[in-house]
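See structure below.
The values are calculated or read from the model by the stated rules, or taken from the named source; none is laboratory data. Since the structure is predicted, the reported quantities are computational estimates derived from the model, not experimental observations. Note: ideal-geometry Cβ built from the backbone for every residue, glycine included; neighbour counts use all protein chains shown.
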Amino acid sequence: MIVVDTSGILASKDESHPEHAAVAAVIADSDEDLLLSQFVVAESDYMLAKRLGQAAAREFLDEVGSEAYETSTSTPATFGRQTGSSTATRTCTSASRMRPWW
């Protein structure tokens, strides 16, 4: 299972992002489940619409709706139980998330 955060979603969609190719490949080619929290869905929708436009946000929501991602409503207290083990779960984030690229 790979836990995907907003920076990973943004990097996968924004071709001008320095890590676009690597992050998009992880998301597209992974055989593992891709887990999104409802908070990441909401934040990604907003950030995609703001930075890349409504079409990018709709495309992402269509992917969520088609179950390309597994969505979670868990809280931090229950998240480890949902993923099976916090040490066995990988995270798909953009390493540059602390350095805005825009």
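Would region 52-75 turn up any residue that is modelled with pLDDT under 90, assigned to a helix (DSSP H, G or I) and surrounded by 11 or more Cβ atoms within 10 Å (Cβ to Cβ)?
no
In region 24-40, which residues are closer than 11 Å to Asp5 by Cα and either touching a Cys at 6+ places or on another chain (Cβ under 8 Å) or buried (at least 18 other Cβ atoms within 10 Å of the Cβ) (or both)? Please lay out each step first, then the result.
Narrowing region 24-40 to residues closer than 11 Å to Asp5 by Cα: 34-40.
Of everything in region 24-40, those that are closer than 11 Å to Asp5 by Cα and either touching a Cys at 6+ places or on another chain (Cβ under 8 Å) or buried (at least 18 other Cβ atoms within 10 Å of the Cβ) (or both) turn out to be Leu34, Leu35, Leu36, Ser37, Val40.
Scan region 1-46 residue by residue and report those that are without any contact (Cβ under 8 Å) to a residue 60 or more places away in the chain, assigned to a helix (DSSP H, G or I) and among the small types (Gly, Ala, Ser).
If the condition is that a residue be without any contact (Cβ under 8 Å) to a residue 60 or more places away in the chain, assigned to a helix (DSSP H, G or I) and among the small types (Gly, Ala, Ser), then Ser12, Ala21, Ala22, Ala24, Ala25, Ala28, Ala42, Ser44 are the ones that fit.
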